[in-house]
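What follows draws every value from the coordinates through simple rules; no lab data is involved. It should be emphasised that the depicted structure is a prediction, and the values quoted were computed from it without experimental measurement. Because the Cβ atoms are built from the backbone with ideal geometry, glycine has one as well, and the counts that use them run over all protein chains shown.
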Amino acid sequence: MFKKMSTQIITISPEEAGEYLALNTYSAQRKIQAKHVNFLSNKMKCGEFRIGDIAVAHNNGSRILMNGQHQLSASMTSGVPFEALLETYNCPDAGDLSLLFRQFDNHAMRSLSQMVDAEVAALGLDWKKGVASLLVAALCNLSTDGKRFLSSASSMTKDERVRMIKYNIPEGNFINDIFIKSRMTNFMYRAGVFTAVILTYRVNQDDAYSFWVSVRDGENITKDMPEYKLRMFLLKNASRARRGAYLSASARELCHRSIIAWNAFRRSTTTTLRYYADAKGLPKVI
């Protein structure tokens, strides 16, 4: 069984970080991930890094780094010293090293939804439950120019996604205003639909409100109108999604067809909502 020898708070300079990394010799240690190092490095540069967690094991006269390789690498990359909790342990044999190694990075992480809720509260936003999370998902779907649909936001950290909320509060308020005024909106609660709502809002707010309320309520619209056709498509797709059917449309398809309906609405024409899965980019939002 490993035994704790000491615990102290210290400040580690970039030079000292290199010295600790020289102890990073444990055979089971993970490979250093450049992406995570850059993430921590940026946190250190902007002053958002809280405190590090460094652990060193003493094993038969040798010192072995058990935890903290990414934090130490980030300090060297950024050139910024950081405060850390330094723990040292006595590990007489290999079993002790393995047991100590397993104690790190195995706690429950805060979910994106929990982080979103915290940001919404901090910004004082009285939004309907789920609006902020879908707003974030929708914003992640959009390329910088808003012309392409990104199938994955894996390149963005949770923190980067949450930060988008405060820069898109008007869009969030608009979406919330549409969805909070009716209970019959579950069929529209999809990231692909929210993506289209954002794009149409940025083109013409008054028309966007009229269009999406018609899609939502289905009132005063006829079967040949694009609002009706989109409403029927979304209702049908929502029922498939609830049944878990494989025919449920992707977020990209939902966004694409929504824009086709919007463009027909703006042109005062009808549409079949035709969608091509291999189409490049999104239709231009007019």
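Structure summary
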read-out	value
Likely footprinting exposure, Glu83, Glu227, fewest C-beta neighbours within 10 Å first	Glu83, Glu227
Share, in percent, of DSSP beta bridges within the range 3-101 that are antiparallel, nearest 5	65 percent
The chain - Rg and Dmax from Cα coordinates, angstrom	25.6, 82
Vicinal HN-Hα couplings computed from phi for the range 42-58 (Karplus, 6.51 cos²θ - 1.76 cosθ + 1.60; Hz; Gly/Pro x)	5, 4, 5, 5, 8, x, 8, 6, 7, 8, x, 9, 10, 10, 10, 9, 9
The chain: most fluctuating residue of Ser113, Ser133, Ser73 per GNM, C-alpha cutoff 10 Å	Ser73
Segment Glu219-Ala277, extension gain: residue separation times 0.36 nm, minus the distance between their alpha carbons	17.8 nm
Interchain or long-range residues, amide H under 5 Å from Gly52's placed H	Glu83, Ala84, Leu85
Extension gain from Arg267 to Ile169, taking 0.36 nm per residue of separation minus the Cα-Cα distance	32.4 nm
Only Lys, Arg (+1) and Asp, Glu (-1) charged, at Cβ; the range 112-267 dipole about Cα centre in debye	620 debye
Nitroxide proxy distance, nm - points 7 Å out along Cα→Cβ at His58 and Ala108	3.6 nm
Exposure proxy order (Cβ contacts within 10 Å, fewest to most) of Arg183, Arg148, Arg252	Arg183, Arg148, Arg252
R0 of 45 Å, Cβ-Cβ distance Ala28-Lys236: FRET efficiency to nearest 0.05	0.30
Order of Ile32, Ile178, Ile51 under a 10 Å beta carbon neighbour criterion, fewest first	Ile51, Ile32, Ile178
Alpha-carbon Rg with Dmax, taken over the range 27-137, Å	18.4, 59
Sequence-distant residues sharing a close amide H with Asn67 (under 5 Å, placed H)	Ala55
Cα-based convex hull volume of the range 1-75 per residue, rounded to whole Å³	104 Å³
Flagged links, alpha-carbon separation over 26 Å, of Lys181/Lys280; Lys3/Lys45; Lys43/Lys166; Lys4/Lys45; Lys129/Lys236	Lys181/Lys280; Lys3/Lys45; Lys4/Lys45
